[in-house]
Amino acid sequence: MVKDLSTLTAFIDGDAYSFNEGDTLLDFIDRHRGRGHVPTLCDAPQLDPYGACRVCSVEVALQADGPRRVVASCHTPLTAGMHVFTESQKVRKLRKNIVELVLTDHPLDCLTCEVSGNCELQTVAAKVGIRKVRYPAGANHLDRKKDLSHAYMTSELSKCINCARCVRACDEIQGQHVLSMHGRGFNAKIIKGLDQSFADSECVSCGACSQACPTSAISDVFFSKSIEATKKTRTICTYCGVGCNLNVATKGDQVLSIQAPVDAEVNHAHTCLKGRFAFKFYNHKDRLRTPLIKQPDGQFKEATWQEAYDHIFTNLTRIKADHGGQSVAGISSARCTNEENYLMQKFIRNVMGTNNIDCCARVCHSPTAWGMQKSFGTGAATNSYEDIEHTRCILVIGANPTEGHPVTGARLKQHIMKGTPLIVIDPRKIELVPYAKHHLQLRPGTNVALLNMFARCILDAGLVKTDFIKKRCENWEEFEAGLRALDLAELEKITGVSIDLVRAAAIEYASAEAAMSFHGLGVTEHQQGAKTVMLISNLAMMTGNIGRPGVGVNPLRGQNNVQGAADMGCQPHQGAGYYEMADPQVQQRYADFYGVPTPTEPGWKIPQMFDAAIEGKLKALWLMGEDVVQTDPDAHHVRHAMESLEFLVVQEIFMTETAKYADVILPASSFLEKSGTFTNAERRVQRVNATVKPLPGTKPDGQILCEVLQRFGVAQPDYTPDGVLAEVAQIVPFFKGITWENLGENGLQWPVKEGGVDTQIMHQEQFTRGKGHFHFFSWKESTELETHRGEFPFILTTGRILEHYNCGTMTRRTGNSEIVGQDYLSLNPADAQRKGIRSGDIVRLFSARGEVELEARVTDEVKPGILYTTFHFPDAMVNNVTGQGCDGDTMCPEYKVVAADVELVRAGKPKKKRMMEMV
Ligand code: SF4
């Protein structure tokens, strides 16, 4: 906003306008005259000013009739009183000459070009009045070879105008530095890596370059810049907790392509390859398209929706009557919307009469919610992605953001490359490690020991913010006493990290003006997961890194709506809005609201449900969008649980490993076919908008649940996203100020007060629970290692890769599988040599639970004695090997510490470069 009209006013073609401090001439002109009033070629709103093409030239003068000079508007700062002339004869002639020269080196085959009608060069040429090109064609016209080597990315560099937008997108947005400009004059051209194809380069397929390219020089296989689309719909990516906004181009019921909105606050014109390219699963031939009921012979038979609902009603009513509500349970999904999760827990609690409702947050971030509630009172990120721009130190612990949360990972990388120190605490050399000032490569399972060392070093260095603690926190004395009693030499041995390395990192964090931590499943999926979260919270409190820009504790949520599923009450101990179900006042509140009794018996968490099924106490289970057989640990045990159930209902989009055990399958719609809201990792509630109609034969999960509620006699209206959201806003206090309309394009971050006032930074004046609470915990060895390490000498840790999300049901059915089409086992070269294993060999990975065969990947990314793999592919079924150890507070499985061993099965050759690059 204008501070002082006398100093922040300038003129465009004689008209006075206010401007913002830091505006370039082009910012100023675009704001007041509209983007495109002054033509540009090398400029793009998502990139820094470059000033290469000079097409945006304007004349400027300090006085209206003063001497003028010609400048490139995109990178010339605006000063008060400046007069800008955008349409003078001189600049019009200059622009026309520049564009005419550009066209000498560009094929004039617009009629057959994919971007015809949506080509910025075409638009600019028309705007500056090009009718003919007077110069001879350049040599580059002959280079018409297309690069079609990649699953998604394409290039045809004869269309290149050397604006370097793609190079800058690769540098400034993704930070991958794959593209560069090579040669001079007519020989200047864009190259990938060392002049390789897209497939052979280090490209991570984010598509930032193709979105930035003004022509079709760099594009994608989906012709995302073609004008063929008849509609564009803004929605939210389904894959991870970043919650990127997507612009989905459609024609009828066909999704054609996806781009990223430039004005998206979450992702600023960026996505990863999952969000931008991995959408072709939505109409894949494998989609379930009709309800299925299992027959006595074990075969599925197609059924009508009414038949399926009747079958469910009959069986669940019978089971409830015979065994009580506690014999029924539900598991919902973080890939479903808030509204769907809300309806799911409403059905299980109000109709089935049980608190046996849980969701996949149990197996990823339940320790975060639990731990942060204990420390701060709220189990959610304290700050926003925007704060990355304001922080002075970044601590990444147990997270691999460039693979798991790629757009946030890229944003972190950009900030780090500008000089912000990075501390990585991780057993693996993740992609961010080369950018890190400190890498504490601890032994898996020793987070608590390492964070205790870290806190003790801060204490010893005298960097504790005593004033903050006195004013805002409690129980410091107990924590301090615990730290002072630590045996640091012993902790060095346990973690495998020297105290000197820990001290340097701790001092870096504690002495920064603002330090921000990010953690992931490498924190939570341990036996001391929730305790580790509380220790991270301690670090923030003891250094005063809470309640202001650029600080805080920021979990990187796994799947896209992990935050929302828990917010909506899909956990046994807390209902919608995090009210404790054991509290009689809460029970009364829900009973008053819904008009039915609230279940009072404590509910089961997911692992307890499986045990109860095997023990015969749990008779019926309803699964919405969760493939527990593939993704939950100890798959043999999970399969046994599924087989033990009397009745299993699965709501799914594909025939998953779990759906095969179902008695009834209800075919659901994907995120591209439904509307509702997702809540991302920074508490931002955003609108999901249907881009196409549900695939014939399928229904959105929300509509299925409404129809089920109706079948059970509940007066539930048919599904509308705004209708269910309005109900949520009545019962969830931090949704009070949210309406479908006021979410707008960029959503709102909860808590949202009435009137739509949202919260970017939490705990500013005081913590949600009043005082921030310090906890001290001693490190304990994992029982998995205590029990099995003698027999299985390696520690296996599991995670995910850029191309796939957990069970990969959707990404496996896209071009992502051409890039990475199987799970790999990473092992250190020293271990590989000892075992006679080379990259590409097939190895047997085995543990006390079972064995799997995987392709080996020999890499120093892991230390000797450590193994790493993913569990994206059911043909490998890595969870046959993982165990049932879990976090002591929340029962989140211990995926990160598995006692295992490996041996060679047969020699082989590496298949995919992407997974071999660290060899
Ligand atoms: Fe964004 Fe995550 Fe989707 Fe990638 S997977 S586009 S980072 S929300």
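Consider the range 767-791. How many of its residues are part of a loop (DSSP other than H, G, I, E, B) and out of contact with any Leu (no Cβ under 9 Å at 6 or more places or on another chain)?
In the first step, residues of the range 767-791 are kept if they are part of a loop (DSSP other than H, G, I, E, B); the result is 768-769, 771, 774-782, 789-791.
Okay, now just the ones that are also out of contact with any Leu (no Cβ under 9 Å at 6 or more places or on another chain), so 768-769, 771, 774, 780-782, 789-791.
Qualifying residue count for the region: 10.
How about the range 656-694: which of its residues are under 22 Å from the mean Cα position of the chain (by Cα), of a type in the set (Ser, Thr, Tyr) and open to solvent by 10 Å² or more (accessible area, probe 1.4 Å)?
Kept after step one, since they are under 22 Å from the mean Cα position of the chain (by Cα), are these residues of the range 656-694: 669-691.
Then keep just the ones that are of a type in the set (Ser, Thr, Tyr); that gives 669-670, 675, 677, 679, 691.
Matches in the range 656-694: SER675 only.
From the list ARG789, ARG800, which one is crowded, with 18+ Cβ neighbours inside 10 Å and either among the charged types (D, E, K, R) or within 16 Å of the ligand (Cβ to nearest atom) (or both)?
Working: ARG789 fails: crowded, with 18+ Cβ neighbours inside 10 Å.
From the options ARG789, ARG800, the qualifying one is ARG800.
Let me confirm something: among ILE319, ILE312, ILE331, ILE293, which residue is touching a residue at least 24 places away in the same chain (Cβ under 8 Å) and over 24 Å from CYS359 (Cβ atoms)? Write out each step before concluding.
Numbers: ILE319 fails: over 24 Å from CYS359 (Cβ atoms); ILE312 fails: over 24 Å from CYS359 (Cβ atoms); ILE331 fails: over 24 Å from CYS359 (Cβ atoms).
The conditions single out ILE293.
So, in the range 310-368, how many residues would count as being under 19 Å from ASP701 (Cα atoms) and either within 32 Å of the chain's Cα centre (by Cα) or at pLDDT below 95 (or both)?
Total satisfying the criteria: 26.
Could you tell me whether GLY713 is touching a Ser or Thr at 6+ places or on another chain (Cβ under 7 Å), on the phi > 0 side of the Ramachandran plot and either open to solvent by 20 Å² or more (accessible area, probe 1.4 Å) or of a type in the set (A, V, I, L, M) (or both)? If you could, list the steps in order and put the result at the bottom.
Details: touching a Ser or Thr at 6+ places or on another chain (Cβ under 7 Å): no; on the phi > 0 side of the Ramachandran plot: yes; either open to solvent by 20 Å² or more (accessible area, probe 1.4 Å) or of a type in the set (A, V, I, L, M) (or both): yes.
Judged against the criteria, GLY713 is not a match.
For the range 212-314, please list each of the strands (runs of 3 or more DSSP E) lying entirely inside it that holds at least 1 residues being within 16 Å of the ligand (Cβ to nearest atom) and open to solvent by 20 Å² or more (accessible area, probe 1.4 Å).
Numbers: elements: 218-220, 231-236, 245-251, 254-259, 292-294, 300-302.
Filter on the range 212-314 gives 231-236, 245-251, 254-259.
Inspect all residues belonging to the range 768-775 and state whether any of them is away from the ligand (no atom under 16 Å from the Cβ), closer than 30 Å to LEU459 by Cβ and either of a type in the set (Gly, Ala, Ser) or modelled with pLDDT under 95 (or both).
Our first condition is that a residue be away from the ligand (no atom under 16 Å from the Cβ); within the range 768-775, this holds for 768-775.
Adding the requirement that they be closer than 30 Å to LEU459 by Cβ leaves 768-775.
Within this subset, residues satisfying the condition of being either of a type in the set (Gly, Ala, Ser) or modelled with pLDDT under 95 (or both) are 770, 772.
Looking for residues that are away from the ligand (no atom under 16 Å from the Cβ), closer than 30 Å to LEU459 by Cβ and either of a type in the set (Gly, Ala, Ser) or modelled with pLDDT under 95 (or both), one finds at least one in the range 768-775, hence yes.
Take the range 803-823 and flag every residue that is away from the ligand (no atom under 16 Å from the Cβ) and within 10 Å of HIS872 (Cα to Cα).
Within the range 803-823, GLY821, GLN822, ASP823 meet the criteria.
Being under 17 Å from SER88 (Cβ atoms) and either assigned to a strand (DSSP E or B) or not assigned by TED's automatic domain parsing to the domain that holds PRO261 (or both) narrows it down to one of ASP65, ASP48, ASP43, ASP27, so name that one. Quick ask: steps written out before the conclusion?
Values: ASP48 fails: under 17 Å from SER88 (Cβ atoms); ASP43 fails: under 17 Å from SER88 (Cβ atoms); ASP27 fails: under 17 Å from SER88 (Cβ atoms).
Exactly one of ASP65, ASP48, ASP43, ASP27 is under 17 Å from SER88 (Cβ atoms) and either assigned to a strand (DSSP E or B) or not assigned by TED's automatic domain parsing to the domain that holds PRO261 (or both), namely ASP65.
Every residue, every condition in (1) free of Cβ contacts under 8 Å to residues at least 40 places away in the same chain; (2) closer than 17 Å to LYS531 by Cα; (3) in a loop (DSSP other than H, G, I, E, B); (4) touching a Ser or Thr at 6+ places or on another chain (Cβ under 9 Å), yes or no:
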position	(1), (2), (3), (4)
PHE479	no, yes, no, no
LEU483	no, yes, no, no
VAL497	no, no, yes, yes
LEU501	no, no, no, no
ALA505	no, no, no, no
GLU508	no, no, no, no
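Name the one entry in ARG456, ARG472 that is modelled with pLDDT of 95 or more, crowded, with 22+ Cβ neighbours inside 10 Å, basic (Lys, Arg) and within 24 Å of VAL551 (Cβ to Cβ).
It is ARG456.
Answer yes or no as to whether ASN560 is in contact with a Gly (Cβ under 8 Å, 6 or more places away or on another chain), at negative phi and not aromatic (Phe, Trp, Tyr).
Values: in contact with a Gly (Cβ under 8 Å, 6 or more places away or on another chain): yes; at negative phi: yes; not aromatic (Phe, Trp, Tyr): yes.
When the stated conditions are applied, ASN560 passes them.
Tell me whether the range 421-438 contains one or more residues that are buried (at least 24 other Cβ atoms within 10 Å of the Cβ), at pLDDT 95 or above and within 22 Å of VAL266 (Cα to Cα).
no
Yes/no per residue for (1) within 40 Å of the chain's Cα centre (by Cα); (2) not aliphatic (A, V, I, L, M); (3) not in a helix (DSSP H, G or I):
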{"position": "GLY81", "(1), (2), (3)": "no, yes, yes"}
{"position": "VAL84", "(1), (2), (3)": "no, no, yes"}
{"position": "GLU87", "(1), (2), (3)": "no, yes, yes"}
{"position": "HIS106", "(1), (2), (3)": "yes, yes, yes"}
{"position": "GLY117", "(1), (2), (3)": "yes, yes, yes"}
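Among the residues of the range 548-565, which ones are open to solvent by less than 10 Å² (accessible area, probe 1.4 Å) and either more than 16 Å from the ligand (Cβ to nearest atom) or small (Gly, Ala, Ser) (or both)?
GLY550, VAL551, GLY552, VAL553, GLY558, GLY564, ALA565 - these are the residues of the range 548-565 that are open to solvent by less than 10 Å² (accessible area, probe 1.4 Å) and either more than 16 Å from the ligand (Cβ to nearest atom) or small (Gly, Ala, Ser) (or both).
Would you confirm whether any residue within the range 338-351 is open to solvent by less than 10 Å² (accessible area, probe 1.4 Å), part of a loop (DSSP other than H, G, I, E, B) and in contact (Cβ under 8 Å) with a residue 12 or more places away in the chain?
Checking the range 338-351: not a single residue is open to solvent by less than 10 Å² (accessible area, probe 1.4 Å), part of a loop (DSSP other than H, G, I, E, B) and in contact (Cβ under 8 Å) with a residue 12 or more places away in the chain.
What is the one condition in (1) open to solvent by 10 Å² or more (accessible area, probe 1.4 Å); (2) out of contact with any Lys or Arg (no Cβ under 7 Å at 6 or more places or on another chain) that GLY697 does not satisfy?
(2)
Could you tell me whether SER155 is outside any helix (DSSP H, G or I) and more than 15 Å from SER205 (Cα to Cα)? Walk me through it before giving the result.
On the way: outside any helix (DSSP H, G or I): yes; more than 15 Å from SER205 (Cα to Cα): no.
In short, no.
Out of the residues in the range 872-894 that are over 20 Å from ALA848 (Cβ atoms) and among the charged types (D, E, K, R), state the one that is most open to solvent (accessible area, probe 1.4 Å).
Out of the qualifying residues, it is ASP875.
What's the number of the only condition in (1) without any contact (Cβ under 8 Å) to a residue 40 or more places away in the chain; (2) open to solvent by less than 30 Å² (accessible area, probe 1.4 Å); (3) closer than 30 Å to GLU478 by Cα that PHE610 fails to meet?
Of (1) without any contact (Cβ under 8 Å) to a residue 40 or more places away in the chain; (2) open to solvent by less than 30 Å² (accessible area, probe 1.4 Å); (3) closer than 30 Å to GLU478 by Cα, only one is false for PHE610: (3).
Residue-by-condition table, conditions (1) within 28 Å of LEU709 (Cβ to Cβ); (2) of a type in the set (S, T, N, Q):
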{"residue": "ALA334", "(1), (2)": "yes, no"}
{"residue": "LYS346", "(1), (2)": "yes, no"}
{"residue": "THR354", "(1), (2)": "yes, yes"}
{"residue": "ASP358", "(1), (2)": "yes, no"}
{"residue": "THR368", "(1), (2)": "no, yes"}
{"residue": "THR378", "(1), (2)": "no, yes"}
{"residue": "ALA381", "(1), (2)": "no, no"}
{"residue": "GLU386", "(1), (2)": "no, no"}
{"residue": "ILE397", "(1), (2)": "no, no"}
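Across the range 385-420, which residue is farthest from the chain's Cα centre (by Cα) among those that are within 16 Å of the ligand (Cβ to nearest atom) and of a type in the set (S, T, N, Q)?
GLN414
Answer yes or no as to whether GLY66 is more than 27 Å from ASN187 (Cα to Cα) and open to solvent by 30 Å² or more (accessible area, probe 1.4 Å). Working first, answer last.
On the way: more than 27 Å from ASN187 (Cα to Cα): yes; open to solvent by 30 Å² or more (accessible area, probe 1.4 Å): no.
Spelling it out, it is not the case that GLY66 is more than 27 Å from ASN187 (Cα to Cα) and open to solvent by 30 Å² or more (accessible area, probe 1.4 Å).
Matching residues to (1) surrounded by 24 or more Cβ atoms within 10 Å (Cβ to Cβ); (2) touching a Ser or Thr at 6+ places or on another chain (Cβ under 7 Å):
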{"site": "CYS360", "(1), (2)": "yes, yes"}
{"site": "SER366", "(1), (2)": "yes, yes"}
{"site": "MET372", "(1), (2)": "yes, yes"}
{"site": "SER375", "(1), (2)": "yes, yes"}
{"site": "ALA381", "(1), (2)": "yes, no"}
{"site": "ASP387", "(1), (2)": "no, no"}
{"site": "HIS390", "(1), (2)": "no, no"}
{"site": "ILE397", "(1), (2)": "yes, yes"}
{"site": "GLU403", "(1), (2)": "no, no"}
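Checking GLU861 against (1) touching a helix residue (DSSP H, G or I) at 6+ places or on another chain (Cβ under 8 Å); (2) closer than 28 Å to HIS439 by Cα; (3) surrounded by 19 or more Cβ atoms within 10 Å (Cβ to Cβ), which test does it fail?
Only one criterion is unmet by GLU861, namely (1).
The values are calculated or read from the model by the stated rules, or taken from the named source; none is laboratory data. Everything quoted here is computed from the prediction, not taken from an experiment. Please note: Cβ atoms are built from the backbone with ideal geometry, for glycine as well, and neighbour counts cover all protein chains shown. The protein model used for the area step is the full one, side chains on, heavy atoms only, and it has no ligands, DNA or RNA in it. Shrake-Rupley method; radii C 1.70, N 1.55, O 1.52, S 1.80 Å.
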